Every structure is written in structure tokens, then in C-alpha cells.
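Structure record follows, encoded as C-alpha cells.
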Amino acid sequence: MTSERTEKDGTPFSPIDSDVDLHTSGQRQELSATHGLVLAVIAAGGALGALARFGLAQVWPTPAGGFPWATFVTNVIGCFLIGVLMVVITDIRKAHPLTRPFLGVGILGGFTTFSTYANETRALIQPGTVALAFTYLAATLLCALLAALAAMRLTRGLHAAALRRMEVAK
């Protein structure tokens, strides 16, 4: 459920800044004015997300040659949460400009770990675990994408139901 909201100047509402065109002076100045703060919130969020992932990996270690459940669950949950976040900040409500960098790129970007996923897949490509490697490779991609899709549909559905309840209550 998308909205047709507009900014105060009448331009269409966009909760996420588009890419900066470095050929345009005003956009270059906008980038330099906010770049440091955006990087700081991404770094802070990334540290929190990486700590959460590290903690999960510590309590759920992967045995040698075993299925990397901690990384699998981390990536699926992270993709689900990214789906919820993106619907909330793009379809449901206007978010502070630092929300997406902090929560999406920072916390959830630091929490999910597709580099570890790739490294664990590579490590599983050994005699005796090749089938497990390809199972892990395919299952992670499929489940992560399905989690994001399910989160988006669920969040939109819950929001639409809440709007209907509010209309009925009026």
C-alpha cells in the first residue's frame, strides 16, 4: 500500500535519497554536509549488528563439516527484518533520513553476513561435504529471498488491516 504523499514544496515524497549526481554543485554540497554523519551512524549500527551476529555464532558454533546453522539463521532473520524495515520506511511512514543508514545498512548489514556464507560454502566444498555445500548455498539464497518477500507482504498486510480497523472504529 503506497501513498501519494508530497513534501512541503509539493515534490513527491521520497523517504530514501536518490543517488547523488556529483556533476551538480548543490548535490555535491549536500553530500559533503551529511557524509560524515551518515558514515558514523552506519559504523555504529554495523558494530551493533556484527556484535549480535558474533554472539549468535558463539552460542551456536558450527561443527567441522556441519551445516552452518548460525549463519543461515542470521541471514534469513536479517533478510526478514530488512523486508519489514523497507516497507515501514518507504510505504508506511516517513522516517528520519538516518533511519535507513543506521538500521538497514548498519545494524542489519552488520548482522547479515553473506561474506561468511560464501566462505563457509567454499570450506564445505571438500570430499564428503560437496552436497552439503550446494544445499547450504541454495537454501540460504532461497530462504533469505523468501524471508524478505514474506516480511514485505506480512508488513503490508498488517498495515492494511490496521488501517481498516481504524476506519471501522471511526
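Things worth noting here:
- Assessment of region 51-73 against the conditions (over 23 Å from Thr121 (Cβ atoms), modelled with pLDDT of 95 or more and not hydroxyl-bearing (Ser, Thr, Tyr)) yields at least one matching residue.
- Subset of region 100-119 [open to solvent by less than 40 Å² (accessible area, probe 1.4 Å) and over 15 Å from Ile82 (Cα atoms)]: Tyr117
- Taking the criterion of being in contact with a Leu (Cβ under 8 Å, 6 or more places away or on another chain), without any contact (Cβ under 8 Å) to a residue 24 or more places away in the chain and surrounded by fewer than 18 Cβ atoms within 10 Å (Cβ to Cβ), the only residue of region 67-98 that qualifies is Val73.
- Residue check, Ala95 hydrophobic (A, V, I, L, M, F, W, C) and not in a helix (DSSP H, G or I): yes
- Test: residue in region 124-131 that is without any contact (Cβ under 8 Å) to a residue 12 or more places away in the chain, open to solvent by 60 Å² or more (accessible area, probe 1.4 Å) and assigned to a loop (DSSP other than H, G, I, E, B): yes
- Taking (1) at pLDDT 95 or above; (2) part of a loop (DSSP other than H, G, I, E, B); (3) among the charged types (D, E, K, R) in turn, Asp19 satisfies each apart from (1).
- Residues that are open to solvent by less than 40 Å² (accessible area, probe 1.4 Å) and over 22 Å from the mean Cα position of the chain (by Cα), drawn from region 38-66: Gly66
For every residue, the table says whether it meets (1) closer than 19 Å to Ser115 by Cα; (2) modelled with pLDDT of 95 or more; (3) not acidic (Asp, Glu).
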position	(1), (2), (3)
Phe134	yes, yes, yes
Ala138	yes, yes, yes
Leu142	yes, yes, yes
Thr155	no, yes, yes
Leu158	no, yes, yes
Glu167	no, no, no
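- If only residues of region 137-170 that are without any contact (Cβ under 8 Å) to a residue 24 or more places away in the chain and not aliphatic (A, V, I, L, M) are counted, the one that is least open to solvent (accessible area, probe 1.4 Å) is Gly157.
The values are calculated or read from the model by the stated rules, or taken from the named source; none is laboratory data. Please read these numbers as outputs of a predicted model, since none were measured by experiment. We place every Cβ from the backbone using ideal geometry, glycine too, and count neighbours over all the protein chains shown. For the accessible areas, the whole protein counts, side chains as well, though only heavy atoms, and no ligand, DNA or RNA atoms are used. Shrake-Rupley method; radii C 1.70, N 1.55, O 1.52, S 1.80 Å.
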